[in-house]
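First up is the structure itself, then whatever we jot down about it.
Each reported figure results from applying straightforward, stated rules to the coordinates on display, with no laboratory input. Bear in mind the structure is a predicted one, so any value in this text is a computation, not a measurement. Cβ coordinates were reconstructed from backbone atoms using ideal geometry, including for glycine residues, and neighbour counts include every protein chain displayed.
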Amino acid sequence: MEDVDGARSFDATGESYDSFMGRYSKPLAECFADAAGVRPGQSALDVGCGPGALTGILTARLGSGSVAACDPSPAFAEACRSRYTGVDVRSGRAENLPFETDRFDQVLAQLVMHFVSDPAAAIEEFVRVARPGGTIGACVWDFDHGMEMLRRFWDAALAIDPAAPDEARTMKFGREGELVDLFEKAGLRHPKETTLRVVSTYGDFDELWSGLCAGIGPAGTYCVSLSAPMRNLLRSRLFHDLGQPTAAFSLSAVARCAVATAP
Ligand SMILES: C[S@@+](CC[C@H](N)C(=O)[O-])C[C@H]1O[C@@H](n2cnc3c(N)ncnc32)[C@H](O)[C@@H]1O
């Protein structure tokens with residue numbers, strides 16, 4: 001694992017990521033690719049690919065030979081590589097992309113910018129690897145009110161532990177205008193913000209809980225750090241807050257998305 005703060009909690013299998021977050025990021029990737037205007041004939045880079053939610057959509061639209069991806073988590077890079085044969089998947093971070101200058105028509109980062117320690121350096125790198133006039137896009141969960149699963153989790157956590165590290169307090173770019181602001185400061189042209197919405201359905205509460213117990217991302221890391229009695233308390237609180245579901249239930253998620261043109 002590279003020494004990247006945000007990547008330390010992403011040392012997991014593709015399957016466990018999917019049960020926690022991939023179930024949202026796969027449908028999100030369809031909307032994000034539409035918002036960025038991905039179309040046949042283009043080449044694309046998926047920055048912070050994880051196990052490949054967006055890589056899969058790009059491969060389906062562009063063909064594996066036109067898609068590249070990178071992630072600082074070796075486990076995720078390997079999962080993406082094995083899922084999408086023929087895609088050029090490298091180990092690397094947004095701030096120092098392991099790709100050539102002026103190479104891609106599309107440089108996209110889905111659910112990544114809030115984990116990047118130097119966002120301005122990352123955008124500089126996006127511009128460097130994009131061909132002039134290419135598209136640069138990023139999307140992140142709206143942490144104010146848009147990502148129900150994480151919001152419900154942190155509300156339950158704060159109820160039993162007021163010091164719980166609610167990621168909405170620290171995560172960047174999840175509020176309206178913040179991504180566009182970052183793009184404008186980096187000199188990108190015509191930045192445009194849109195809102196992306198997805199829904200995920202759980203067969204039962206245990207399906208949601210087991211995803212959280214996989215220890216992925218800030219929520220999962222906090223969940224598995226608790227003592228068994230505290231974790232049980234959190235489980236009961238979350239179950240209660242969700243209305244004690246005894247059958248399938250759905251949670252929605254909203255992402256802020258910005259797309260712009262490389263100079
Ligand atoms: C929430 S996951 C999103 C994964 C994937 N893009 C998706 O939509 O499912 C965040 C990803 O960002 C990666 N990451 C963390 N810090 C990064 C950095 N500095 N540069 C690039 N990726 C980073 C993590 O390893 C992880 O795969």
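Before moving on, here are some points about what is shown:
- Measuring nothing but how far apart in sequence close Cα pairs (under 8 Å, 6+ apart) lie, relative to its length, the stretch 1-101 scores a relative contact order of 28 percent.
- Interchain or long-range residues, amide H under 5 Å from ALA69's placed H: ASP46, ASP88, VAL89, ARG90
- Farthest toward positive dipole pole in the chain [+1 Lys/Arg, -1 Asp/Glu at C-beta], among HIS190, GLY63, VAL127: GLY63
- Antiparallel content of DSSP bridges confined to the chain, in %, to 5: 55 percent
- Taken one residue at a time, the phi angles of the stretch 240-251 give Karplus couplings (6.51, -1.76, 1.60, θ = phi - 60°) of 5, 5, 8, x, 6, x, 10, 9, 4, 8, 10, 10 Hz. Gly and Pro are set to x.
- Taking the chain and dividing mean pair separation by its residue count, relative contact order in percent (alpha carbons under 8 Å, at least six apart): 23 percent
- Gap separating the Cα centres of the stretch 91-112 and the stretch 179-234, nearest whole Å: 22 Å
- SER117-PHE239 FRET efficiency (beta carbon distance; Förster radius 51 Å; 0.05 resolution): 0.90
- The residue among ALA94, ALA35, PRO51 whose Cα reaches farthest toward the positive pole of the charge dipole of the chain, with charges on the beta-carbon of Lys, Arg, Asp and Glu, is ALA35.
- Counting all C-alpha pairs of the chain, share separated by more than 34 Å (%): 15 percent
- FRET efficiency estimate (nearest 0.05) - Cβ-Cβ, LYS192 to ARG169, R0 35 angstrom: 0.80
- You can think of it this way: the chain between ALA248 and GLU184 has 18.8 nm of extra reach, that is 0.36 nm per residue less the Cα-Cα gap.
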